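Q: This structure is in structure tokens; I'll ask about it shortly.
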Amino acid sequence: MICFVNEERCVGCGLCVRVCPLDVFRMVPRDGRRKPVACAVYPEDCMSCFICEEYCPANCLYVSPERSPLHAVWPFHEEIEKTKNGGNK
Amino acid sequence: MIWRGYRVSEWTCDVLMIGAGLAGLTAAWAAAREGARVLVACKGFAGADGVSPFAGGVVLYLLPEDDEDGFLQEHERLNEGLIHPEVLRRVIRQNTSLWQAWGRWGAPLEREIDGSPRRRWLRIGGRSHVPRLAVDSMKMMQFLRRLALRSGVRLLEQTCITRLLQDAGGTLVGAVGFQRQEGKLVIIRAPAVVMASGGCSWRGAHMGQHNVMGDGVAIAARLGAELASMEFCVSYVATCSLFDSHGQCVLAALGGKFRNSLGENILIRHGLPEPAPTHQLALAMVLELLEGRGPIQFDLRGISENERRDWEERFPLVARGLRRTGRDIFAEPVPWFPGFTGSIGGSGGIRWQRLGGETNVPGLFVAGDAAMRTPVTGAGSGITFLNLAWAGVSGLWAGLSAARWARGYLAAGPEWTREAIEEGLKETVGPLERRTGFSSRSLLRQLQQVVVDPCVNFLRTREGLQAALSRIREIRRETEMLRARDWHDLACCHEVRHAALVAEAMLASAVVREESRGWHRRLDFPNRGGPEWEVWTAARLRQDGADMDFEVQLWLPSSLGTEPPEGADDLLRE
């Protein structure tokens, strides 16, 4: 559940900040850039819903499909983690 | 305005809509068309908020020539009772005219060559044939956003509402909250509020639902609103272990098979129909895993190329995620597991008394997943086709009745006291001002540990439920000592606080229902009860000195008003 931002391509429109249902992004200033660029400042809250990608006009966001490891409170979490990496055998 | 160093923005409207999913935006549009000044406050972006953008785009579409009685009987049987046939009939009919109107106004539906909405049939959730529309959910939400904006609705986005305000007589007068990105407080003066803020997922392992944390349900309960059928707030949907995916019920309807590690079809093993109602499938999966026959594989190799393409069009975001994992779930069986979805697929929520969404709090209306859905979906799941129908129709009706309530009330003008606002704002910023306290993340984990345990929410016993309830009460008290790192975390703190209260209502109601049906499975009462259990529960928060608890009572479906607000069809005729 990590979101990669290609800062080179970001046009600084701030749409990702507005649309993210979990408030993952902020616009942050960067050296050499006229406008602040998008940054996933709360990546641990990302739920891989792809809404930011859908809206980004510059196509500079990439949401990883990887499910972050289920926390130990989850029933069957060990089994699920095993199947994720070990294939379906 | 500045309050104790915080920036505060003040708003005034006739109807405040909390939440901007399918129900909220429909209600906003309807209220605006009825002449109300409408403000929508939502945590995300109106048009990409709530669970609606991920809802799979399969909407029930029953025409007058269809066998309505047959559909109702089958639905009642599969969802194990507690349905109110009269209410369901009205919802189904209103849903058809609503989608017909949206179709005329350019909604992104799959269409026939002549432009009319195309109907397809699907054997979803064990039903023989459900006539349905195919909708692009994400584009549909954008369409509803445009519709609302064109009717003059104002939007207050990335804004969390934390408390509703009442006047001395108990009538609703407004709400307070905060805008999490700008870091400022919000005071809204409104004589009518429509709560359309969704269900409670407890951040379950499922796509697109981490933002619904029972906010509206908890805020309404704190105000004295009753919560109905909360024992059914524990749904699971099968989800892919590679990626939080949804759309399982459609894949199963197309011929997908669930197999355990012995290669057995688990539905056949448990004597269930294929495809099975979601709650029966979920129970079978949980039992297979608990008894050590996991992992469970979902075999989709029998699905044709055409059906696969159709599914990918209905679930474009899931399809994208799955493609990126580099595995082809249609070519090789992949492990799936029961993903917890809380009340999203269950039927509990704020109790309404009439079809306009009127609650026991004057001025408070409910719609969508935040509202009790038992009259429509009974003890089981509405799956996507009925839940979307309920969201749209309840939104339409609640929007209309809230606008009328506001019009009747405005003559007197809402009165509020400075103290009520002060108290609300203090509660809102509480976690920001605490120097020490629990972190939202650690309390969320503790909350999940109780709520997500299958023995607490699926294989229930009186002792297990009561132990869980006392643990949840401890956690709920600890949520009053949360500490927020920043405004972003402040939203998480309030979410955990709300989700803990919803969990308490859920467990308190589950203790009372001494039978098993739908999502509510009691090991100590394994069978479905007799006619004496054809009743619904209502949980009401009771202040008990410094502490509080839920008092649960039973009530009869016959006390429900079944007349929808007038004029809905006129609105749709344009």
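Q: Give me the residue from the range B:44-95 that is polar (S, T, N, Q) and away from chain A (no Cβ under 14 Å) and, out of that set, surrounded by the fewest Cβ atoms within 10 Å (Cβ to Cβ).
A: B:Gln73
Q: Right, here's the next one. Being more than 14 Å from chain A (Cβ to nearest Cβ), touching a Leu at 6+ places or on another chain (Cβ under 7 Å) and at positive phi narrows it down to one residue among B:Gly152, B:Gly214, B:Gly174, B:Gly170; which is it? It would help to see each step written out before you state the result.
A: Working: B:Gly152 fails: touching a Leu at 6+ places or on another chain (Cβ under 7 Å); B:Gly214 fails: touching a Leu at 6+ places or on another chain (Cβ under 7 Å); B:Gly170 fails: touching a Leu at 6+ places or on another chain (Cβ under 7 Å).
Criteria check complete, one pass: B:Gly174.
Q: Residues of the range B:256-273 being under 28 Å from the mean Cα position of the chain (by Cα) and either part of a loop (DSSP other than H, G, I, E, B) or over 28 Å from B:Ala134 (Cβ atoms) (or both), which ones?
A: The answer is B:Gly256, B:Leu272, B:Pro273.
Q: Identify, from the list B:Ala168, B:Ala107, the residue that is touching an Asp or Glu at 6+ places or on another chain (Cβ under 8 Å) and in contact (Cβ under 8 Å) with a residue 24 or more places away in the chain.
A: So the residue among B:Ala168, B:Ala107 that is touching an Asp or Glu at 6+ places or on another chain (Cβ under 8 Å) and in contact (Cβ under 8 Å) with a residue 24 or more places away in the chain is B:Ala168.
Q: At least 1 residues that are touching a helix residue (DSSP H, G or I) at 6+ places or on another chain (Cβ under 6 Å) in each: list the strands (runs of 3 or more DSSP E) lying fully within the range B:1-61 that qualify.
A: Counting at least 1 such residues, we get B:15-18, B:38-41, B:58-60.
Q: Look at B:Ser401 and say whether it is out of contact with any helix residue (DSSP H, G or I) (no Cβ under 7 Å at 6 or more places or on another chain), farther than 23 Å from B:Ala238 by Cβ, buried (at least 24 other Cβ atoms within 10 Å of the Cβ) and of a type in the set (S, T, N, Q).
A: yes
Q: In the list B:Asp136, B:Asp167, which residue meets the criterion of being under 19 Å from B:Glu419 (Cβ atoms) and acidic (Asp, Glu)? Before you say what the answer is, go through the steps one by one.
A: On the way: B:Asp136 fails: under 19 Å from B:Glu419 (Cβ atoms).
Testing whether each residue is under 19 Å from B:Glu419 (Cβ atoms) and acidic (Asp, Glu) leaves just B:Asp167.
Q: Give me the pairs: first residue in the range B:129-158 and of a type in the set (Lys, Arg), second residue surrounded by 22 or more Cβ atoms within 10 Å (Cβ to Cβ) and in a strand (DSSP E or B), beta-carbon distance under 9 Å, and six or more apart or on different chains, which are they?
A: B:Arg132/B:Val58; B:Arg132/B:Val59; B:Arg132/B:Leu60; B:Arg154/B:Val38; B:Arg154/B:Leu39; B:Arg154/B:Val40
Q: Looking at the range B:232-255, can you tell me whether even one residue there is surrounded by fewer than 24 Cβ atoms within 10 Å (Cβ to Cβ), part of a loop (DSSP other than H, G, I, E, B) and not hydrophobic (A, V, I, L, M, F, W, C)?
A: Checked the range B:232-255: at least one residue is surrounded by fewer than 24 Cβ atoms within 10 Å (Cβ to Cβ), part of a loop (DSSP other than H, G, I, E, B) and not hydrophobic (A, V, I, L, M, F, W, C).
Q: Right, another one. State whether one or more residues within the range B:85-98 are within 24 Å of the chain's Cα centre (by Cα), part of a loop (DSSP other than H, G, I, E, B) and modelled with pLDDT of 90 or more.
A: no
Q: Looking only at the range B:513-534, decide whether some residue is buried (at least 19 other Cβ atoms within 10 Å of the Cβ) and more than 24 Å from B:Glu463 (Cβ to Cβ).
A: no
Q: Does the range B:268-285 hold any residues that are within 18 Å of B:Arg77 (Cα to Cα) and hydrophobic (A, V, I, L, M, F, W, C), and which are they?
A: Residues satisfying the conditions are B:Leu272, B:Ala276, B:Leu281, B:Ala282, B:Leu283.
Q: Which ones in the range B:483-494 are surrounded by fewer than 24 Cβ atoms within 10 Å (Cβ to Cβ) and touching a helix residue (DSSP H, G or I) at 6+ places or on another chain (Cβ under 7 Å)?
A: Hits for the range B:483-494 are B:Arg483, B:Ala484, B:Asp489.
Q: Return yes or no: is B:Arg104 within 21 Å of the chain's Cα centre (by Cα) and among the basic types (Lys, Arg)?
A: no
Q: Hey, can you tell me all the residues within the range B:1-38 that are touching a strand residue (DSSP E or B) at 6+ places or on another chain (Cβ under 6 Å), buried (at least 24 other Cβ atoms within 10 Å of the Cβ) and over 16 Å from B:Ile344 (Cα atoms)?
A: In the first step, residues of the range B:1-38 are kept if they are touching a strand residue (DSSP E or B) at 6+ places or on another chain (Cβ under 6 Å); the result is B:1, B:6-13, B:15-18, B:20, B:24, B:27-28, B:31-32, B:36, B:38.
If we keep only those that are buried (at least 24 other Cβ atoms within 10 Å of the Cβ) as well, we get B:13, B:15-18, B:20, B:24, B:27-28, B:31-32, B:36, B:38.
Listed by number, the residues that qualify are B:Cys13, B:Val15, B:Leu16, B:Met17, B:Ile18, B:Ala27, B:Ala28, B:Ala31, B:Ala32, B:Ala36, B:Val38.
Q: Identify all residues within the range B:167-213 that are crowded, with 21+ Cβ neighbours inside 10 Å and polar (S, T, N, Q); write none if there are none.
A: Passing the criteria: B:Ser197, B:Ser201, B:Gln209, B:Asn211.
Q: Could you check the range B:301-334 and list, in sequence order, the residues that are more than 27 Å from the chain's Cα centre (by Cα) and away from every other protein chain (no Cβ under 13 Å)?
A: Hits for the range B:301-334 are B:Gly302, B:Ile303, B:Ser304, B:Glu305, B:Asn306, B:Glu307, B:Arg308, B:Arg309, B:Phe330.
Q: Being charged (D, E, K, R), under 21 Å from B:Arg522 (Cα atoms) and either within 11 Å of chain A (Cβ to nearest Cβ) or in contact (Cβ under 8 Å) with a residue 12 or more places away in the chain (or both) is the filter here, so list the residues in the range B:270-300 that pass it.
A: Selection gives B:Glu288 alone.
Q: Looking at (1) free of Cβ contacts under 8 Å to residues at least 12 places away in the same chain; (2) surrounded by 24 or more Cβ atoms within 10 Å (Cβ to Cβ), find the lone condition where B:Gly357 falls short.
A: Condition (1) is where B:Gly357 drops out.
Q: Based on what the data block shows, is B:Glu504 assigned to a helix (DSSP H, G or I) and touching a Phe, Trp or Tyr at 6+ places or on another chain (Cβ under 8 Å)?
A: yes
Q: Give the residues of the range B:147-196 that are among the aliphatic types (A, V, I, L, M), modelled with pLDDT of 95 or more and not in a strand (DSSP E or B), sorted by residue number.
A: Of everything in the range B:147-196, those that are among the aliphatic types (A, V, I, L, M), modelled with pLDDT of 95 or more and not in a strand (DSSP E or B) turn out to be B:Leu147, B:Ala148, B:Leu149, B:Val153, B:Ala196.
Q: Still on this model: Can you find a residue in the range B:62-74 that is outside any helix (DSSP H, G or I) and either under 18 Å from the mean Cα position of the chain (by Cα) or of a type in the set (Phe, Trp, Tyr) (or both)?
A: To start, the set of residues in the range B:62-74 that are outside any helix (DSSP H, G or I) comprises B:62-67.
Next, from what is left, pick out any that are either under 18 Å from the mean Cα position of the chain (by Cα) or of a type in the set (Phe, Trp, Tyr) (or both): none.
The answer is no, given that none of the residues of the range B:62-74 is outside any helix (DSSP H, G or I) and either under 18 Å from the mean Cα position of the chain (by Cα) or of a type in the set (Phe, Trp, Tyr) (or both).
Q: So B:Arg471 clears everything in (1) among the basic types (Lys, Arg); (2) within 30 Å of B:Arg521 (Cβ to Cβ); (3) surrounded by 17 or more Cβ atoms within 10 Å (Cβ to Cβ); (4) more than 14 Å from chain A (Cβ to nearest Cβ) except one condition, right? Which one?
A: Every condition holds for B:Arg471 apart from (4).
Q: Of the conditions (1) within 16 Å of the chain's Cα centre (by Cα); (2) at pLDDT below 95; (3) not aromatic (Phe, Trp, Tyr), B:Lys43 satisfies every one except a single condition; which number is it?
A: Failed condition: (2).
Q: Within the range A:29-58, track down each residue that is closer than 24 Å to B:Asn211 by Cα, more than 7 Å from every other protein chain (Cβ to nearest Cβ) and of a type in the set (A, V, I, L, M).
A: Correct list: A:Ala38, A:Ala40, A:Val41.
Q: Continuing with the same structure: Of all the residues that make up the range B:428-449, how many are more than 22 Å from A:Glu44 (Cα to Cα) and either of a type in the set (D, E, K, R) or within 11 Å of another protein chain (Cβ to nearest Cβ) (or both)?
A: Qualifying residue count, the range B:428-449: 3.
The values are calculated or read from the model by the stated rules, or taken from the named source; none is laboratory data. Quick caveat: nothing in here was measured; it's all calculated off a predicted structure. With ideal geometry, Cβ positions are generated from the backbone for all residues, glycine too; neighbour counts draw on all protein chains shown.
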